[in-house]
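Notes for the one structure printed next.
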């Protein structure tokens, strides 16, 4: 999704691709195939780059160390990335900063799990500190038995189950020079641990809470030294908010900005990692609703896509060039409108139709 | 400029490029280099394509004939393209349709030039029917002597010099199925025969005149069988308008739409030539001003570009990946704003600064 902004800004992008016909390889002139977990491969790739950035956080430590030795600028830096890679490090650091978090504990034994369960009440949330994604490595545990397997492999992050009203996300971008910009706070709608919709800005959000959450996002970016886009996923509660997760990259909760903001998150990420001045993150429309398109039962998207373009000429379709598999995020749609009701109806219809959940 | 929309819509574009490091080759995965004037080269390229379109009209007739024989769909078709390639054919056809045109004459002799000059008054406009572009092949002739060279080579199109108030452009897109959509009528500001700015929509345009001009654009697209984007350049006069030129491709006067419209002209052109349903052409902002960036005296754009991004975070910069040469269009900027004064000041400043005309 960087391809368009990179072309317009005259920025040459080269991607270390997983497959010769993968999503990136379809849209970038230069997309050599290689194993991103192999330090020698990554160094050979990176030595021709002016700046390196990442499209996910799961870059192995030996690869980051090899890149650091090579001396090519990396944004975000490994030091910042560590907090997105390891949820325990993130909780420790945010708690030290006084950022509101759920009550949490690092447990290495059954007794510690029992203690924490007695303190915050069951069920509780258990997380593998490293490697989780989209609901994987996260568990709503009703008893200590459910986390026994994870405990055997290392420390487990335990968190109280937060009684939240809804989920929000704060997206900011920060450049190596320290300039930062925040998009409006959005609401993220989750189903089975997967984000299905984003409403930008979050409807009826108290301006004081929006300002506090935005300030927290900017402070996290600054103190952790994040460069590029930072997404802070938060729970809105009866008396404020707590931070759920961090992601250091353009994030699903920011896809609305590709059509809904003066500067979309992919343009902003490029500007940030190149230390160019940041663009205006303001919304261009009263409301933008983004709906993810998940793979459905039929693999052929084209007839649905054609139908939807005819039904709704204002629909903005974004496809990722990925094969269709049930439940896989294969694209998203954005609707900019003047009301939530209208934007939601149109975006929801399009995503459901593409997925095959509805047929008219 | 198709690269971004093509990536988002999942459309694979391959470009027959003039140079290995040319503008298209920088942003498309597939951009084989070849001579577009050689029928065999073009056929070898085209046989792997589902649809062919063109980024300018000057495609030689033998190439079009070879493509037609190959049977790959071409949009626009050679039959339509003929009216954009040959200004005499265009004048004949538009006059037959009753579309307002300047008074004109096809002259093949000095006597015919003298006659027409006596009829409409000197100076008059002389045009080489085929091959003109951006002021080339067009002359304000004060006497018959000035067109003698052209007359020796073939018929010359003569037109009265229109006493116009300003120049407008109507852009429409039309698909092979016949669906059509029109963007708001814009004002184009020319200097020395080159478009320097576009104001979208045209300020203070009488709604009746806007509707008439739009209807003329849609009718021309339909009757000439144009597919893809059609730009109709018109002169606004004291009592209406006359058509100046036609272009059958995304056009400089439509670059504002990349940021200013729900559906930009490059997305719309792709949708049209693939016979996908067309997108909403409405403006997203009260005003959008586009300013062309012409090559100036210094070749290094980066410091200026960086400065402008810092000065105006809402500036949308579009660079074409072309080398800087004085007077060459190397990019454009768009500003969406609520007033003409603001949009004009910001866009004009950015273009002048990039060009080196001003230094602060």
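Need one value for A:28-37: mean number of C-beta atoms belonging to other chains within 10 Å of its residues' C-beta atoms.
Taking all residues of A:28-37 together, the mean is 2.
Return the ratio Rg/(2.2 N^0.38 Å) for region B:250-290, where Rg is computed over Cα atoms only.
Working: Rg = 10.1 Å, N = 41, 2.2 N^0.38 = 9.0 Å.
Dividing the Cα radius of gyration by 2.2 N^0.38 Å gives 1.12.
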What does the structure give for A:16-27 when I average, per residue, the other chain Cβ atoms found within 10 Å of the residue Cβ? 2
Rounded if a/c is under 1.5, else prolate if a/b is larger than b/c, else oblate: which is region B:257-360, with a ≥ b ≥ c the root eigenvalues of its Cα gyration tensor? oblate
Out of every Cα pair in region A:85-206, what percent are spaced more than 20 Å from each other? 53
With the Cα gyration tensor of chain A giving a ≥ b ≥ c as the square roots of its eigenvalues, does the rule (a/c under 1.5 for rounded; else a/b larger than b/c for prolate; else oblate) give rounded, prolate or oblate? rounded
Label points for residue B:190 built 7 Å along Cα→Cβ; distances to same position in the other copies, nm, shortest first, come to 6.0
With each run of n ≥ 4 DSSP H residues scored as -39500 (n - 2.57), what mean residue ellipticity at 222 nm is computed for the protein assembly as shown after dividing by its residue count and rounding to the nearest 500 deg cm²/dmol? -10000 deg cm²/dmol
For the residue pair residue B:68 and residue B:215, what label-to-label distance in nm results when each label sits 7 Å from Cα along the Cα-to-beta-carbon direction? 3.3
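Please compute, for peptide A:5-14, the average count of beta-carbon atoms on other protein chains lying within 10 Å of each residue's beta-carbon.
If you average over the peptide's residues, the count of other-chain Cβ atoms is 6.
Between residue B:190 and residue B:79, take the C-beta separation as r, use R0 = 35 Å, and let me know the FRET efficiency to the nearest 0.05. Present the calculation step by step, with values, prior to reporting the outcome.
Details: r = 30 Å, r/R0 = 0.85.
So, using R0 = 35 Å, E works out to roughly 0.70.
Give, in whole angstrom and from largest to smallest, the semi-axes √(5λ) of the equivalent ellipsoid of region B:239-314, with λ running over the eigenvalues of the Cα gyration tensor.
Details: eigenvalues 160, 64, 45 Å².
Calculated on Cα positions only, the semi-axes equal 28, 18, 15 Å.
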For a label point 7 Å from the Cα of residue B:14 along Cα→C-beta, name the residues of region A:1-42 whose backbone N is under 18 Å from it. A:20-22, A:25-31
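Restricting to the protein assembly as shown, what percent of DSSP beta bridges are antiparallel, rounded to 5? Mind showing how you got there, number by number?
Values: 115 of 121 bridges.
Expressed as a percentage, antiparallel bridges in the protein assembly as shown total about 95.
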Alpha-carbon Debye profile of region B:137-179, log10 I(q)/I(0) at 0.17, 0.21, 0.30 Å⁻¹: -0.70, -0.79, -1.16
Label geometry 7 Å along the beta-carbon vector: residue B:98 inter-copy distances in nm: 7.8
In bins 5 Å wide, starting from 0, what share of all Cα pairs of region B:145-263 does each bin hold, as a percent? 2, 11, 20, 21, 18, 13, 8, 5, 2, 0
Once the label point is placed 7 Å from Cα along Cβ, list for residue B:237 the distances to the corresponding points in the other copies, in nm, shortest first. 7.5
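Sort B:305, A:298, B:320 so the one with the fewest other Cβ atoms within 10 Å of its own Cβ comes first.
Numbers: B:305 23, A:298 11, B:320 20.
By the 10 Å Cβ count, ascending: A:298, B:320, B:305.
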Relative contact order, percent, of region A:163-284 when contacts are C-alpha pairs under 8 Å separated by at least 6 residues? 31
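On average, how much area does the Cα convex hull of region A:19-145 cover when viewed from any direction, in nm²?
Numbers: hull surface 41.6 nm².
Hull-based average projected area comes out at 10.4 nm².
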Take A:324, A:293 and order them by how many other Cβ atoms sit within 10 Å, fewest up front. A:324, A:293
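Can you give the extra length, in nm with one decimal, that the chain gains between residue A:238 and residue A:149 once fully stretched, where that is 0.36 nm per residue apart less the Cα-Cα distance?
Numbers: separation 89, 0.36 × 89 = 32.04 nm, distance 3.43 nm.
Roughly 28.6 nm would be gained on extension.
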Got a sec? How would B:11, B:194, B:234, B:220 order by Cβ neighbour count within 10 Å, fewest to most? B:194, B:11, B:220, B:234
Antiparallel content of DSSP bridges confined to chain B, in %, to 5: 95
Percentage of interatomic Cα-Cα distances in region B:3-83 larger than 15 Å: 57
Length-normalised contact order for region A:286-360 - Cα pairs under 8 Å, 6+ apart - percent: 47
Here the relative contact order (percent) of chain A, from C-alpha pairs under 8 Å and at least 6 apart, is 14
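Can you tell me how region B:166-355 classifies by the Cα gyration tensor, rounded, prolate or oblate, using a/c under 1.5 as the rounded cut? Numbers along the way, then the final one.
On the way: a/c = 1.79, a/b = 1.55, b/c = 1.16.
Note, shape of region B:166-355 comes out prolate.
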For q = 0.16, 0.19 Å⁻¹, Debye-computed log10 I/I(0) when each Cα of region B:103-159 counts as one equal scatterer: -0.38, -0.55
Working note, the protein assembly as shown: Cα radius of gyration (Å, one decimal) and Dmax (Å, whole number) are 28.7, 108
For the residue pair residue A:30 and residue A:328, what label-to-label distance in nm results when each label sits 7 Å from Cα along the Cα-to-beta-carbon direction? 2.8
Axis carrying A to B; for chain A the Cβ-nearest residue and its rounded Å distance come to A:4, 1
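No value in this document is a laboratory result; all are computed from the given coordinates. Source: prediction; values computed, not measured. Cβ coordinates were reconstructed from backbone atoms using ideal geometry, including for glycine residues, and neighbour counts include every protein chain displayed.
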